[in-house]
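Colleague: Sharing a structure, written as structure tokens. Questions coming.
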Amino acid sequence: MDSRQHYILQRIIELNCFKEGKFTLKNGSESNYYINLRNLIREPEVIKVICELIYDKINFLSWKDFVICGLPYAGIPYAQGYSILYNTPSVFLRKEQKKHGMNNMIDGLEGLDKKKVLLIDDVITSGSSIQESLVHFEKAKLEVIGTIVIMDRRIENTGLIENVNSLFKLEDLLQYNSYRKANLLQETQLLSSKTEESRKSYGERVGLSNNKMFNFLLNLMEEKKSNLAVSLDYTSLKQIYKILSVIGEHIVIVKLHMDIIEDFDMDLCSQIVKLSKDLKFVIFEDRKFSEIGSIFQKQYQGGMYRISEWANLVNFHLISGDSNIQLFDKIYNPKDQAGLLVAQMSNKGNLFSKDYTNQVIEIGKRFASVCGFISQEKIAGDGFLYLTPGIGIAKEGDALDQQYKSPQQALIVDGTDIIIVGRNITQSKSVVKSTLLYKELGWSSYLLSLRR
Ligand code: 6AU
């Protein structure tokens, strides 16, 4: 299931379109579930995503050269949405015959050169609505090539209706619902097993450090209701710009690796800086400086990337000691720049030890330019930010050394502040939907961690 399907099932539940209990269905049978998708049409984004899924289904089925028709009334919004989005002619089936004029049941037929019609409905329970409509298309000499429904909740397929395809089956919804419940249960168990005090909210921590970026990010997270940093590890800066212009409003940080970019261009960099101001996010160059001081300065201010001119955040490995951060403290612009120290890593086999992490924390405390740490847990006080990479719902690692943990684990149990999500967004079917999913998971986990 891709993130768009995940998103629709999530909205079905959140918009109260699915209930559990004892219900009598339209055909008189009893059911433990009630599904009424009418509330979905309140959300244009939901209609759009459903139309996208219908489009994928139609492509998969290789259906072509048809007009589209929504069965009254529930199918109509989707058929019209589809017609507009994919430039497909539509006809309109009435629920009751017109009492005047041509007594038509179907509008839009005059002069129509198409012979085939595709029907759209929201839910199929027995198939009676589809069956009742067939006679009207027959009269209009339109061949029904098939029907696409959002939800197929038939107990059994009687075979009465041909070519019904669905975006979801009842089992998909039930499975998603139990996954969601299990997740909530897991969160609650994690919370109750935690003995520490509840965390301070982001807002309550403003002012605990004099570092301006620290305070800016805390306020920004509260304002955007997002604690999501996206790691856009693409090799094209043009692509990064394009994606940021769509997801920028939902994130607080974009993390880049400029040295993997193949189309680097300083002008484009300036455009990304402008975008970051317009959409309010911070640019983090994940350069992990670790050289002797004089090389660090050249890497930061010079070379082809001139990182100091566009990056708000940069990070450091302290394997060579504190010389880089000492220098950074003198040359950074405190108004909108700060440093992060890598105190722990997410990957298998890294050489970080408790002792090393503690030394990194102590160095962090000595420099005003340090606003936080890259870490897997909250390793010091509330006056620092903790940014955690290696985040994924599936929790399986990649084919190499990366290891993932869930947003809930990072934010609720390990007490960190910002989740850094890379390929689980960039390599998903829909970057936008996955961004929204991780934004929601990150924020709801944070709220849950406050409630203890
Ligand atoms: O979500 P991923 O696995 O696609 O990407 C994770 C990103 C990559 C890594 O360079 C970076 O996070 N990272 C870091 C950072 C941010 O410094 C530290 C670490 O321990 N693990 C890690 O993956 O761009």
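Colleague: Helix 266-279: angle to the longest alpha-carbon principal axis of the chain, degrees 0 to 90, nearest 10?
Modeller: 70
Colleague: Leaving ligands, DNA and RNA out of it, report the carbon-plus-sulfur percent of the accessible area of the chain at a 1.4 Å probe.
Modeller: 50
Colleague: Still on this structure, I have one more. Peptides 171-180, 15-24: what's the order by average Cβ count within 10 Å, highest mean first?
Modeller: The densest-packed peptide leads the list: 171-180, 15-24.
Colleague: May I ask for the net charge around Lys255, where only other residues with Cβ less than 10 Å from the Cβ of Lys255 are counted and Lys, Arg are +1 while Asp, Glu are -1?
Modeller: -3
Colleague: OK, next. Just to confirm the number: angle between the C-alpha axis of helix 431-450 and the first principal axis of the chain, 0 to 90 degrees, nearest 10?
Modeller: Helix 431-450 sits at roughly 60 degrees to that axis.
Colleague: Pull up the cross-link candidates among the aspartates and glutamates for Lys298, meaning alpha carbon to alpha carbon under 19 Å and not fewer than 8 places away within one chain.
Modeller: Filter leaves Asp259, Asp265, Glu285, Asp286, Glu309, Asp322, Asp329.
Colleague: Exceeding 28 Å between C-alpha atoms, which entries from my cross-link table qualify? They are Lys200/Lys405; Lys225/Lys405; Lys26/Lys115.
Modeller: Long pairs (Cα-Cα over 28 Å): Lys26/Lys115.
Colleague: I've got another one for you. How many percent of all Cα-Cα pairs in the chain sit more than 35 Å apart?
Modeller: So the portion of pairs separated by more than 35 Å is 43 percent.
Colleague: Please tell me the relative contact order of the chain in percent, rounded to the nearest whole number, where contacts are Cα pairs under 8 Å and at least six residues apart.
Modeller: Relative CO of the chain lands at 12 percent.
Colleague: If one takes the longest principal axis of the Cα atoms in the chain, at what angle in degrees, from 0 to 90 and to the nearest 10, does the Cα axis of helix 212-224 lie?
Modeller: That works out to roughly 10 degrees.
Colleague: Want the number for Asn27 to Gln10: 0.36 nm per residue separation, take away the alpha-carbon distance, what's left?
Modeller: Full extension from Asn27 to Gln10 adds 3.4 nm.
Colleague: Now for a different question. Of the peptides 141-154, 66-79, how do they stack up when ordered by the mean number of other Cβ atoms within 10 Å, highest first?
Modeller: Per-residue Cβ counts within 10 Å, averaged per peptide and sorted highest first, yield 66-79, 141-154.
Colleague: Run the reach check for Lys169 against aspartates and glutamates, Cα to Cα strictly under 20 Å, same-chain hits fewer than 8 apart removed. What comes back?
Modeller: Result set, ordered by chain and number: Asp2, Glu14, Glu20, Glu30, Glu52, Asp56, Asp121, Asp122, Asp152, Glu156.
Colleague: Can I ask one more? Taking the Cβ-Cβ separation of Asn36 and Lys429 as r and a Förster radius of 25 Å, what is the calculated FRET efficiency to the nearest 0.05?
Modeller: It comes to 0.35.
Colleague: Would you kindly derive the ³J(HN,Hα) couplings of segment 126-137 from the backbone phi angles with the Karplus curve 6.51 cos²θ - 1.76 cosθ + 1.60 (θ = phi - 60°), listing them in order in whole Hz, with x for Gly and Pro?
Modeller: 10, x, 5, 5, 5, 4, 4, 7, 4, 4, 5, 6
Colleague: Okay, next question. With every protein chain left in place and a probe of 1.4 Å, what is the accessible surface of Ile243, to the nearest 10 Å²?
Modeller: 30
Colleague: About the Cα centre, and with charges only on the beta carbon of Lys, Arg (+1) and Asp, Glu (-1), how big is the dipole of the chain? Nearest 20 debye, please.
Modeller: Computed about the Cα centre, the dipole is about 800 debye.
Colleague: At 1.4 Å probe size, with every protein chain present, just tell me what the per residue accessible area of the chain comes to in Å².
Modeller: Per-residue value: 48 Å².
Colleague: How far, in nm, would the chain grow between Glu110 and Glu396 when pulled straight, counting 0.36 nm per residue and subtracting the alpha carbon separation?
Modeller: 97.3 nm
Colleague: Suppose the chain between Lys330 and Glu309 were pulled fully straight at 0.36 nm per residue; how much longer would it get relative to their current alpha carbon spacing?
Modeller: This chain segment gains 6.0 nm when fully extended.
Colleague: If a/c stays under 1.5 just call it rounded; otherwise compare a/b with b/c (prolate if a/b is bigger, oblate if not). Do that for segment 317-432, with a ≥ b ≥ c from the square roots of the Cα gyration tensor eigenvalues.
Modeller: prolate
Colleague: Spelling out what I want: for every residue of segment 5-18, take phi, set θ = phi - 60°, compute 6.51 cos²θ - 1.76 cosθ + 1.60 (Karplus), and round to whole Hz; glycine and proline get x.
Modeller: 5, 3, 4, 5, 4, 4, 5, 4, 6, 5, 8, 6, 8, 9
The values are calculated or read from the model by the stated rules, or taken from the named source; none is laboratory data. From a predicted model like this one, the values you see are computed outputs, not experimental measurements. So basically every Cβ, Gly included, is an ideal-geometry build from the backbone, and we count neighbours across all protein chains shown. Please note that ligands, DNA and RNA were not included when accessible areas were found on the heavy atoms of the full protein model with its side chains. Shrake-Rupley method; radii C 1.70, N 1.55, O 1.52, S 1.80 Å.
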